[in-house]
1. Could you work out Rg/(2.2 N^0.38 Å) for segment 107-216, with Rg from alpha carbons only?
2. Taking only DSSP H segments of four or more residues, each worth -39500 (n - 2.57), what value at 222 nm results for the chain once the sum is divided by all its residues, to the nearest 500 deg cm²/dmol?
3. Could you state the angle between the C-alpha long axis of helix 168-186 and the longest principal axis of the C-alpha atoms of the chain, as a value from 0 to 90 degrees rounded to the nearest 10?
4. Work out the FRET efficiency for Arg74 and Gln168 from their Cβ-Cβ distance, taking R0 = 35 Å, and round it to the nearest 0.05.
5. Across the chain, where is the longest run that never hits trypsin sites (Lys or Arg not before Pro) in a DSSP loop with at most 16 other C-beta atoms within 10 Å?
6. How would the chain be classified by its alpha-carbon gyration tensor: rounded, prolate or oblate, with rounded meaning a/c under 1.5 and the a/b versus b/c comparison settling the rest?
7. Quick one: grab the alpha carbon gyration tensor of segment 21-107, order the square roots of its eigenvalues as a ≥ b ≥ c, and give me rounded if a/c is under 1.5, else prolate or oblate depending on whether a/b is larger than b/c.
8. Could you work out how far apart the two model spin labels at Gln203 and Ile128 are, taking each label as a point 7 Å from the Cα in the direction of the beta carbon, and quote it in nm?
Amino acid sequence: MKRRDLLAAVAALPVVAAGKKPKAKEEVTPGEDLMREHGVLNRVLLVYDETARRLEGQEDPRTDVLAAAAALIRRFIEGYHEKLEEAQLFPRFEKAGKLVELVSVLRQQHAAGRRVTDEIVKLAVPGIVGTGRIQLAGSLRKFVRMYRPHEAREDTVLFPAFHDLVGQKEYERLGEQFEDEEHKLLGEGGFEKAVAEVAQLEQALGIFDLAKFTPP
Ligand SMILES: [Fe+2]
Ligand SMILES: [Fe+2]
């Protein structure tokens, strides 16, 4: 390479770096990424709670809303979030021989969750009556009962330990990788779309207004 060309190449470098800068600003760490996905999961659990309450009483359970909520769980939680945990987190703990019992239970719960979602999808049909309502409410209650402690344990034990396990540099690299995978699997703005979707479901059930949850 001629000296002039080399200088031109070097001069071009900061431009490339400057072009990448805005992306660095919006970078999300793996822990933050996974925890805000749990936020979406939590909001679906609210939808499940409300639907179970309606099923156990005599109210319209809005099975259309429930079917959409279960589809969101399928796509965003089972198809993306848990896949990420199973591919990027669990094997690292197993290889290091750390938190292996916890990881084993978490794995079993992912599998159990998928089975309960199967039940919910099958039962969430219009015109559900009698024992079907009780059965569906039971599936929803089981799902909520398992996932609240599941995600709380991941947030407070697994994710902090993950940061320690891989070290700062790898942790940052994984943050970028997680984002790439999110785009690949869910398209641009996958998280934002999931938030918008769950907000619509809450609205349909009349549980969107946050102020309604404040005690008088
Ligand atoms: Fe999990
Ligand atoms: Fe999780």
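1. For segment 107-216, the normalised Cα radius of gyration is 1.40.
2. After summing the helix terms and dividing by the residues of the chain, the value is -24500 deg cm²/dmol.
3. Tilt of helix 168-186: around 60 degrees.
4. Calculated transfer efficiency: 0.55.
5. Counting only loop sites that pass the neighbour cut-off, the longest clear stretch is 99-216.
6. Because a/c hits 1.5 or more and a/b exceeds b/c, the chain counts as prolate.
7. oblate
8. The answer from the label model is 2.4 nm.
Taken together, the values in this text are just the output of simple stated rules run on the coordinates, not laboratory data. No experiment lies behind these values; they were computed from the predicted model shown. Note: ideal-geometry Cβ built from the backbone for every residue, glycine included; neighbour counts use all protein chains shown.
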